[in-house]
Amino acid sequence: MELDQVLQNLNIQALNEMQLASIAAYKKDKDIVLLSPTGSGKTLAFLIPALFDLKPQEADIQTLILVPARELALQIEQVFRKIGSSFKVNCCYGGHDVNVEKNNLKHPPALLIGTPGRIADHIKRGRINTSGIKTLILDEFDKSLEFGFMEDMSFIIDQLSNLEKRMLTSATQSIEIPDFTGMHEPIIINNLEENKPTGLTLKYIKSNGTDKLEALFNLICALGNDVTLVFCNHIDTVDRISGLLKEKDLIHDVFHGGLKQEDREKALIKFRNGSSKILITTDLAARGLDIPEIKNIIHYQLPHKEDGFIHRNGRTARMNASGTSFLVLSENDFIPDYIMQKPILEELPDKVKLPDFPDWATIYIGGGRKDKISKMDIVGVLLQKGNLLKDELGLIELQDFAAFVAVKRNKIRQAVDLLKNEKIKKKKYKIEISE
């Protein structure tokens, strides 16, 4: 497979300098440490060279990618599938059906992506043959350490007796590389300084009193339909904000570690496809996730450390774009010392109106890739039986046993009603609006 074809399948004109540097370093057969912020294209920086290193004649797993979060594993898998190579790829992570993973591993993928805990468990149970693994990629390695995966990663790496290449990525400069990684005189590609957001404006709003909820609501309304991430330090704070927005009939989603895996995935899908413009979240969404360019970051609660502030703000003003980061301060709050730039006071209007509903909404289909359903099958049934036009269809995300489709909000009810008794590939699946 040629690079031009890869870029065409990904709908990319050209690789950036960091990605080209990574590919060049990969060819030198040395270990690599890639330091680059979220949103700079790290996934392609390791996926493309890893792809070209895969050998079609090999029957076992050749490349293992370890990641700290399930969502990141799924994101990398999606990108690899979009490349359109002939190589098999699979994901293993906590919360995923173990029986599905066991069946996948009976016919080993060339590329395996997973969280350290689940991969270690499969190895211990003899489901993964590690002898063929020549390349190890530790993506968002510093986050894996923060999440307490050191023991699992150390165990996994100890089982990789034929390892030839190691690549470690991080969005943090101050990272110590433990001995268990086996990294030896790595090539270091530091892309952190070059990618500091230059189009970021820092502002703050003040609430009357100590309860900041009303001030936050007014700010969200004032921002209108801009894509906005609201960061909190605690899950109960996320839920409290969500409760208010529900009362006000303001469409949004929440994302945090207390949710079921399928609810977390659904929230990100709807945020990606434009069905929701507001995501209330903990720092779980600060790094590593494939979400759209964010116009506004709101710190409802400020992080305790500068790193957290940097990673949150890194969600906006990326790749020469502009964005705004807002601090929501009560009368007792102060701006922490780690914020060196003086924020601008944002005066909110006395009267605000609710933002319009997003143009898109999401249809859920209860069948997916393992049911031999393709994106073209879904497009066909929605256009022919759902009476939709091409421009009334948005992003389609296909999973193992489900699919999510963005549809123009003003047509979604009609489409779902028309599809109630329809079949996809001669089989009836649940088709409904994803709330």
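A few notes on this one:
- Flag for Asp337 being among the charged types (D, E, K, R), within 29 Å of the chain's Cα centre (by Cα) and over 17 Å from Ile280 (Cβ atoms): no
Here's the yes/no breakdown for (1) surrounded by fewer than 20 Cβ atoms within 10 Å (Cβ to Cβ); (2) in contact with a strand residue (DSSP E or B) (Cβ under 7 Å, 6 or more places away or on another chain):
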site	(1), (2)
Ala222	yes, no
Asp226	yes, yes
Ile235	yes, no
Val254	no, yes
Glu265	no, no
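- Selection status of Ser330, at pLDDT 95 or above and of a type in the set (S, T, N, Q): no
- Subset of the stretch 412-435 (residues that are part of a strand (DSSP E or B) and buried (at least 17 other Cβ atoms within 10 Å of the Cβ)): Ile424, Ile431
- Residue within the stretch 107-120 that is in contact with a helix residue (DSSP H, G or I) (Cβ under 6 Å, 6 or more places away or on another chain), over 29 Å from Arg272 (Cβ atoms) and not aromatic (Phe, Trp, Tyr) present: yes
- If you check Lys266, Lys305, Lys277 for being more than 22 Å from Ala406 (Cβ to Cβ), charged (D, E, K, R) and in contact (Cβ under 8 Å) with a residue 24 or more places away in the chain, only one passes: Lys305.
- Test for Asp211: is it among the acidic types (Asp, Glu) and either closer than 27 Å to Leu268 by Cβ or touching a helix residue (DSSP H, G or I) at 6+ places or on another chain (Cβ under 9 Å) (or both): no
- Test: Leu279 is of a type in the set (A, V, I, L, M, F, W, C), outside any loop (DSSP other than H, G, I, E, B), under 30 Å from Glu392 (Cβ atoms) and at pLDDT 95 or above: yes
- Some residue of the stretch 393-404 being in contact with a Ser or Thr (Cβ under 7 Å, 6 or more places away or on another chain), of a type in the set (Phe, Trp, Tyr) and within 18 Å of Asn273 (Cβ to Cβ): yes
- Leading residue by the ranking (modelled with the highest pLDDT) among those in the stretch 302-327 that are among the β-branched types (Val, Ile, Thr) and touching a strand residue (DSSP E or B) at 6+ places or on another chain (Cβ under 6 Å): Thr324
- Neighbours by Cβ (under 9 Å, 6+ apart or cross-chain): first from the stretch 200-214, at pLDDT below 90; second assigned to a strand (DSSP E or B): Leu200/Ile297; Leu200/Thr316; Leu200/Gly323; Leu200/Thr324; Leu200/Ser325
- Residue match in the stretch 250-268 (condition: of a type outside the set (Val, Ile, Thr), closer than 26 Å to Ile365 by Cα, part of a loop (DSSP other than H, G, I, E, B) and modelled with pLDDT of 95 or more): yes
- Lone unmet requirement of (1) modelled with pLDDT of 95 or more; (2) closer than 26 Å to Thr181 by Cβ for Gly94: (1)
The values are calculated or read from the model by the stated rules, or taken from the named source; none is laboratory data. The model shown is predicted, which means the values in this text are computed figures rather than measured ones. When we count neighbours, we look across all protein chains shown, and the Cβ atoms used for this are built from the backbone with ideal geometry, even at glycine.
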